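**Q** Sharing a structure below in structure tokens format, with a few things to ask.
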Amino acid sequence: MLVSVNWLKDYVDIDEDVEQLAERLTMSGSNVEGIEYIGKEIEKVVIGQVLKVEDHPNADKLVVCQVTTGDDNYQIITGATNVKEKDKVPVALPGSVISGGQKLKTAKLRGLPSYGMLCSAQELGLDEHGLPEEMKDGILILPQDAPLGTDVKEYLGLEDAVIDFEITKVTAVSLAMPTMLKQSGLF
């Protein structure tokens with residue numbers, strides 16, 4: 001059974017780190033099989049807004065986007081077809097790290113500089129299940145009220161840990177998170 005620590009924090013005050021929480025839950029009789037840290041490797045990806053989209057002069061399948069993060073404007077080239085003016089999007093600038101540990105740097109694409117990357121859900125380590133079809137193969141489009149320059153991990157709640165509990169056939173009580181939390185003294 002997979003349980004988000006952020007989800008648990010919606011129900012109980014947890015002051016200890018994830019490792020201590022897992023140990024405490026294990027000591028209460030709930031076997032923790034592992035911990036997966038979500039979004040841990042994502043760094044310096046912020047919310048930006050697309051100001052302008054133009055065809056790339058040297059490539060049929062690329063577009064040149066002018067993007068702002070609130071403080072500065074950047075030229076970013078993408079092959080995504082779902083980006084349009086005024087979209088709020090995750091922006092990885094040079095020095096940012098995306099899922100898989102890839103560190104971004106300025107690049108030239110068909111003769112024009114690109115000062116970063118507009119990110120898809122996959123590049124942020126997100127599951128694409130439940131996303132609209134156009135975002136599954138394209139850039140993750142954020143709500144219009146997403147604040148420019150805000151860290152995407154914070155905005156999307158990506159900084160989380162998921163605890164993997166062993167499900168035993170001994171009792172169905174282990175399926176109830178409130179019971180597990182009571183047994184560990186957290187609830």
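**Q** Of the conditions (1) outside any loop (DSSP other than H, G, I, E, B); (2) surrounded by fewer than 16 Cβ atoms within 10 Å (Cβ to Cβ); (3) modelled with pLDDT under 80, E154 fails just one. Which one is it?
**A** With (1) outside any loop (DSSP other than H, G, I, E, B); (2) surrounded by fewer than 16 Cβ atoms within 10 Å (Cβ to Cβ); (3) modelled with pLDDT under 80 applied to E154, the lone miss is (3).
**Q** Report, by residue number, each residue of the range 73-84 that is out of contact with any Pro (no Cβ under 7 Å at 6 or more places or on another chain), part of a strand (DSSP E or B) and in contact (Cβ under 8 Å) with a residue 24 or more places away in the chain.
**A** Narrowing the range 73-84 to residues out of contact with any Pro (no Cβ under 7 Å at 6 or more places or on another chain): 73-74, 76-84.
Checking which are part of a strand (DSSP E or B) leaves us with 73-74, 76-78.
If the condition is that a residue be out of contact with any Pro (no Cβ under 7 Å at 6 or more places or on another chain), part of a strand (DSSP E or B) and in contact (Cβ under 8 Å) with a residue 24 or more places away in the chain, then Y74, I76, I77, T78 are the ones that fit.
**Q** Another one. Test E123 against the stated conditions and say whether it is of a type in the set (D, E), crowded, with 18+ Cβ neighbours inside 10 Å and within 13 Å of P90 (Cβ to Cβ). Break it down into steps so the answer makes sense when it comes.
**A** Numbers: of a type in the set (D, E): yes; crowded, with 18+ Cβ neighbours inside 10 Å: yes; within 13 Å of P90 (Cβ to Cβ): yes.
Answer is yes for this residue.
**Q** Next up: Considering only residues that are assigned to a strand (DSSP E or B) and charged (D, E, K, R), which ones fall in the range 25-72? Don't jump to the end; show me each part of the working.
**A** To start, the set of residues in the range 25-72 that are assigned to a strand (DSSP E or B) comprises 32-38, 43-55, 63-68.
Within the range 25-72, E33, E36, E43, K44, K52, E54, D55 qualify.
**Q** Tell me, which residue of the range 63-95 that is at pLDDT 95 or above and polar (S, T, N, Q) is farthest from Q49 (Cα to Cα)?
**A** The extreme case among them is T78.
**Q** Could you check, for the range 94-102, whether at least one of its residues is surrounded by 13 or more Cβ atoms within 10 Å (Cβ to Cβ) and touching a Phe, Trp or Tyr at 6+ places or on another chain (Cβ under 9 Å)?
**A** Yes, because at least one residue in the range 94-102 is surrounded by 13 or more Cβ atoms within 10 Å (Cβ to Cβ) and touching a Phe, Trp or Tyr at 6+ places or on another chain (Cβ under 9 Å).
The values are calculated or read from the model by the stated rules, or taken from the named source; none is laboratory data. None of the values given here were measured: they were computed from a predicted structure. Note that each Cβ is placed from the backbone with ideal geometry, even for glycine, and that neighbours are counted across all protein chains shown.
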